[in-house]
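Note sheet for the following structure.
Please treat every number below as a calculation from the coordinates, not as lab data. Keep in mind the model is a prediction, meaning the values are calculated, not measured.
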Amino acid sequence: MVKFIAEDIEMPALDERKVSRWIRAVAADYGFSVGQIHYIFCSDERELEVNRQFLGHDYYTDVITFDYTSGQTLNGDIFISLDTVRSNAEMVGASFEHELHRIIIHGVLHLTGQGDKTPETKAQMTEKEEKALAKLGE
């Protein structure tokens, strides 16, 4: 089950059924099924609070993924700062919707084991995001 929650911000316009089907399809591409994935949409300030409290990081970010995957079943909580998604979309000249979908699938890719800490793994992540976005029809 994929659940979308707005914590301290207005829920973004999202076709939840379509996005949930897409998430399950992308997970299946990597040999996983979806158990419980919770997307928590929030503000920059809430994201910073989560980053400080749980990861000991004192900076803003667009996505924080807590991975509770068991075997081949994806489970996790994915915090997404809509403020940062909006500013990132403006910075790269993308629509808010496109950037939101990119970040949504970015969290799923983390749950499948994809990292992005080195230039090489970051490039691989971007390639996988683009492939997944094409599957959504973007």
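Structure notes:
- Candidate aspartates and glutamates for bridging to Lys135, where Cα separation is under 20 Å - those fewer than 8 sequence places away on the same chain excluded: Asp15, Glu16, Asp29, Glu97, Glu99, Glu127
- Listed residues Asp83, Asp15, Asp62, most fluctuating in the chain (Gaussian network, C-alpha, under 10 Å): Asp15
- Centroid-to-centroid, using Cα positions, segment 66-138 and segment 1-36 are 12 Å apart.
- Distance cut-off 14 Å, percentage of C-alpha pairs in segment 9-52 lying past it: 62 percent
- Look at the alpha carbon pairs under 8 Å that are at least 6 residues apart: their mean separation over the length of the chain gives a relative contact order of 21 percent.
- Length gained when the stretch Tyr59-Glu130 is fully extended (0.36 nm per residue, less Cα-Cα span): 22.9 nm
- At 0.890 mPa s and 25 °C, Stokes D of segment 2-136 from Kirkwood alpha-carbon radius, µm² per second: 164 µm²/s
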